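*Asks:* Here's a structure for you.
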Amino acid sequence: MTSSSAFLRTLVTASFKTRLHSSIIVVNHRAAITATANKAFFSSFSRPLQDHQRRDTKDGVNTSSILQDSNTTLEALLSKTHQERHDHSSTPVSATKTADAFTGGGGGGGRGGGGGAPGPLDGIRVLDLTRVLAGPYCTQLLGDLGAEVIKIENPKGGDDTRAWGPPFAKNVDPSSSSTQESAYFLGVNRNKKSITINIRTPQGRDLIHDLAKKCDVLVENYVPGKLDEMGLGYEQLRALNPRLIYTSITGYGQTGPYRMKPGYDVMIEAEAGLMYITGEENGTPVKVGVAVTDLTTGLYAHGAIMAALLARHKTGRGQHIDCSLLDAQIVTLANIASSYLIAGQEAKRMGTSHPSIVPYQVLPSRDSHIMIGAGNDGQFRILCSVLQLPELPESPAFRTNKDRVRNRKALIAILTERLQTQDNAYWLSQLEGKGIPFAPINNIAQTFEHPQVIARDMIQEIEHPKAGKIKLTGPAVKYSETKPSIRIPPPLLGQHTEEVLRDVLGYDDERIRDLKDNHVV
């Protein structure tokens, strides 16, 4: 036996023994070992293994038969190990491989259909205890990226937004008397499995405990302290699964004098400055057309979870993520916040106008409106050429952007008068290809008919069990390799309860029947 072969045999045997008999290290299945000139090269590193993930010799691992070739990669070794384990377990081989490689709780995830490479979060399992928008939007993003998302719902009605309508999606069977699915719910709950659990019962809480052991991420949006009272808080679940990333989405955060207040998008818009700066200059404050604070918070939570997964890869530990509507809205005040903090400048409502650039706003044409921006002096000259107003750039009142900001009202009046001499279509054709920012004000129908929206696959169809084919917005980010996808439609209430209890938790029929009889699920 060569020294390199002996070294490899010793190294890999030790890895397997550690993996099988201790709680210290399990080697990631993507690590590859090659032996060359007595050196071993690792492509990735190990991570801690919890008690509930331990495997022993009864799993059927035969290391002596596996370690036959010094050029064998660890990935190949683990693949064979998983195959041997499959002979002794009801868990699918693919699920076992996913579990051992990625998850903190021994469970698989993100095994979506649709062909092609799995999403970047394939193998991550998410326990979703959220309702309405900010939380479900976050977990839908994770689901689109390939994570397996298990949505916990109240057996009596489920997520509040199931009833938020009209509009509702019509049932395929016109004679069906079952409740129709709301468009609101369908918009933020794809790529999820629904399981109904009464978490107010001891058995229901035990179910959450069992699921938390099998999951990498938990997302919840209860008032601070509520889940702690039920034995489902961060510290309690961390004791069961130290690798769990526990994400709390609240109105005001886990600390501070307002921590116990519930949070609503429109209230935070008002309280955190957004509504004050939104609307026409002499009009009343208005809210943004969509629940932008909820959506922004969901995006921040999604990004935080991704970062926490990377941190866990280094430390082996999960953590508590504290994400609030208030904090997210304060941060997204962006330059408005900076103008106040740096220069003490109070903001004001300006409609579609820009405080520091003129012209940069919606202007009326003869039959509609058009958004026009001239971000620099060169673009302003182009605009004036298109509008056949060549004298404006030469005027001392409008020569520079600083001049134009100072004489905003006079300039906008001149531009408006000129634009109202022609229809929108005329001006759009004249501005096309001139190198100046402009856009029509599209309604929603026009938006989804936009050729670029269609070309980018931003409208996708999927078959729903009650509503038939439904259209949903596609993922916003494109990946060259690990592509996001819509793999499963938004679920019916409790559609996957038995599947999750049986396949994820390993409950038998008798135990599932007992949970149903006791109205736990």
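The values are calculated or read from the model by the stated rules, or taken from the named source; none is laboratory data. Quick caveat, the model's predicted, so the values are computed rather than measured. Glycine gets a Cβ as well: all are built from the backbone with ideal geometry, and neighbour counts include every protein chain shown. Accessible surface is based on the protein model in full, side chains and every heavy atom, while ligands, DNA and RNA are left aside. Shrake-Rupley method; radii C 1.70, N 1.55, O 1.52, S 1.80 Å.
*Asks:* Ile342: modelled with pLDDT of 95 or more, open to solvent by less than 50 Å² (accessible area, probe 1.4 Å) and aliphatic (A, V, I, L, M), yes or no?
*Replies:* No; evaluated as a whole, the condition is false for this residue.
*Asks:* Right, something else. If you scan the range 354-394, which residues turn out to be assigned to a loop (DSSP other than H, G, I, E, B) and open to solvent by 30 Å² or more (accessible area, probe 1.4 Å)?
*Replies:* Across the range 354-394, the qualifying residues are His354, Pro355, Ser356, Ile357, Arg366, Asp367, Ser368, Gly375, Asn376, Gln388, Pro390, Glu391.
*Asks:* From the list Lys516, Lys409, Lys478, which one is surrounded by fewer than 11 Cβ atoms within 10 Å (Cβ to Cβ) and under 25 Å from Arg125 (Cβ atoms)?
*Replies:* Checking each option against the conditions leaves just Lys478.
*Asks:* Here's a check for you: in the range 257-276, which residue that is assigned to a helix (DSSP H, G or I) and open to solvent by less than 40 Å² (accessible area, probe 1.4 Å) is nearest to Val188 (Cα to Cα)?
*Replies:* That would be Asp265.
*Asks:* For residues in the range 289-318 being open to solvent by 30 Å² or more (accessible area, probe 1.4 Å) and basic (Lys, Arg), which is nearest to Met267 (Cα to Cα)?
*Replies:* Arg317
*Asks:* Next up: Does Tyr184 meet the test of being in contact with a helix residue (DSSP H, G or I) (Cβ under 7 Å, 6 or more places away or on another chain) and open to solvent by 60 Å² or more (accessible area, probe 1.4 Å)?
*Replies:* Numbers: in contact with a helix residue (DSSP H, G or I) (Cβ under 7 Å, 6 or more places away or on another chain): yes; open to solvent by 60 Å² or more (accessible area, probe 1.4 Å): yes.
When the stated conditions are applied, Tyr184 passes them.
*Asks:* Looking at Glu481, Glu449, which is the one that is acidic (Asp, Glu) and modelled with pLDDT under 95?
*Replies:* Selected residue: Glu481, the only one of Glu481, Glu449 that is acidic (Asp, Glu) and modelled with pLDDT under 95.
*Asks:* How do the pairs read when you match residues in the range 411-427 that are more than 11 Å from Leu389 (Cβ to Cβ) with residues anywhere that are open to solvent by 30 Å² or more (accessible area, probe 1.4 Å) and assigned to a helix (DSSP H, G or I), using Cβ under 9 Å and keeping only pairs 6 or more apart or on different chains?
*Replies:* Gln422/Gln430
One line per residue, one yes/no per condition, for (1) assigned to a loop (DSSP other than H, G, I, E, B); (2) in contact (Cβ under 8 Å) with a residue 24 or more places away in the chain; (3) over 30 Å from Gln495 (Cβ atoms):
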position	(1), (2), (3)
Gln430	no, yes, yes
Gly433	yes, no, yes
Ile436	yes, yes, yes
Gln460	no, yes, no
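*Asks:* Are any residues in the range 149-180 within 24 Å of Val126 (Cα to Cα), over 22 Å from the mean Cα position of the chain (by Cα) and open to solvent by less than 60 Å² (accessible area, probe 1.4 Å), and if so, which ones?
*Replies:* Pro155, Gly157
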